[in-house]
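Working notes, beginning with the structure itself.
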Amino acid sequence: MELDERKVKILKAIIKNYMDTGEPVGSRTISKYLDTKWSSATIRNEMSDLEEMGYIIQPHTSAGRIPSDKGYRFYVDQIMQEKDNEVADMQELMIQRVDRLESVLKKLAKILAKDTNYAALISGPQYHHNKLKFIQLSRVDAYKLLLVIVVEGNLIKNTMVDVQEELTDEQILNLNILLNSNLNGLTIEEINLEIIRKMKEQAGSHGQVVDLVLNEVAAAIRADDDDLQIYTSGATNIFKYPELSDNQKASQLLSTLEHTETLQELVNGVNEDPNSSENGIQVYIGEESPVQAMKDCSVVTATYELGEGVRGTIGIIGPKRMDYEKVLKTLRTLMTQLDATFKNEER
């Protein structure tokens, strides 16, 4: 006999109550806990079926029930399946959102270059000071675990972890509880030696697994800096301005706009600039530019926000005599449109 929805709810209620109190659970307790219209008689009948099926046992005559090993196994498997489904659903949603956002950013870069007649760039979103939202370990084989890391912005990272011991499902579940209870809501910078020491102490003989997970968490989050996507458009617009169309200057500037590493240098310089204004817009004129190859230009940048520490950079590169009023107005309008686009994706 398979468990129907009612039996599953009653079994989970018995297990959760027993885990909380350590006392056998009766039908009246279940009735109050579930807050349903099921009568005590109905619940007693379902409990009798669960006992007959081996999911619960009655330790003493006329006493309540407690979970059996089979009951615990069902509960653990249910939890792991629910978490797997949550991660899969979240991953699918984020893949759709990232694909959509990439398309939007490419189009906006082209619009920006066309409207201003300057070169334009937009960086993909970066996840600053990421806070951990969820960690899950799942078995792949005897000595290999799948580690799923979810951080602010619902960014998901998957990686494999090789372990030197074969862990039971219960041990993996306990490690998941340990990791999430200690790390959820923290940034990498906030995971200090005291937290690590406490976790390893609680993990006992599985302290090495905690070390492996923490290393992978740090590596996964910091890898975002290397994966930064930057979309450019309008590089040839620089030939419209005589002061920039000199062969050497134009060649150097075009080369700069084609190399992601140099553009990352610009974006990182903007992010680290202590003088950046509160509204995220900053104007660099000539020698003020964070990038040497742009010393003959003016660079106007803006920071767009997508919430939960997710930020990106918009940049306009043109001559020092650029129309600053028009550029600033265009950037403010674009930031508003980008924010609205992202919020529509959320719905």
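Summary table below
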item	result
Test result for I172, buried (at least 18 other Cβ atoms within 10 Å of the Cβ) and outside any helix (DSSP H, G or I)	no
Residue ID - farthest from G71 (Cα to Cα), chosen from residues in region 16-56 that are β-branched (V, I, T) and out of contact with any Phe, Trp or Tyr (no Cβ under 8 Å at 6 or more places or on another chain)	T36
Number of the exception - P59 against (1) out of contact with any strand residue (DSSP E or B) (no Cβ under 7 Å at 6 or more places or on another chain); (2) at pLDDT below 85; (3) in a loop (DSSP other than H, G, I, E, B)	(1)
Boolean, N158 is surrounded by fewer than 18 Cβ atoms within 10 Å (Cβ to Cβ), at negative phi and within 14 Å of the chain's Cα centre (by Cα)	yes
Counted residues, region 181-201 - those being under 25 Å from Y72 (Cα atoms) and surrounded by fewer than 16 Cβ atoms within 10 Å (Cβ to Cβ)	1
Any hit, region 250-261, residues being closer than 22 Å to L108 by Cβ, modelled with pLDDT under 75 and surrounded by fewer than 17 Cβ atoms within 10 Å (Cβ to Cβ)	yes
Where C297 falls short, out of the listed (1) in contact with a strand residue (DSSP E or B) (Cβ under 6 Å, 6 or more places away or on another chain); (2) at pLDDT below 80	(2)
Residues (surrounded by 15 or more Cβ atoms within 10 Å (Cβ to Cβ) and either outside any loop (DSSP other than H, G, I, E, B) or among the hydroxyl-bearing types (S, T, Y) (or both)) located in region 26-35	S27, T29, I30, S31, Y33, L34
In region 10-25, the residues that are part of a helix (DSSP H, G or I) and either over 31 Å from the mean Cα position of the chain (by Cα) or aliphatic (A, V, I, L, M) (or both)	I10, L11, A13, I14, I15, N17, Y18, M19, D20, T21
Top-ranked residue in region 265-280 [being surrounded by 16 or more Cβ atoms within 10 Å (Cβ to Cβ) and more than 17 Å from Y118 (Cα to Cα); ranked as modelled with the lowest pLDDT]	N271
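The values are calculated or read from the model by the stated rules, or taken from the named source; none is laboratory data. Since we're looking at a predicted model, the values are computed, not measured. Ideal geometry is used to build each Cβ from the backbone, glycine not excepted, and the neighbour counts take in all protein chains shown.
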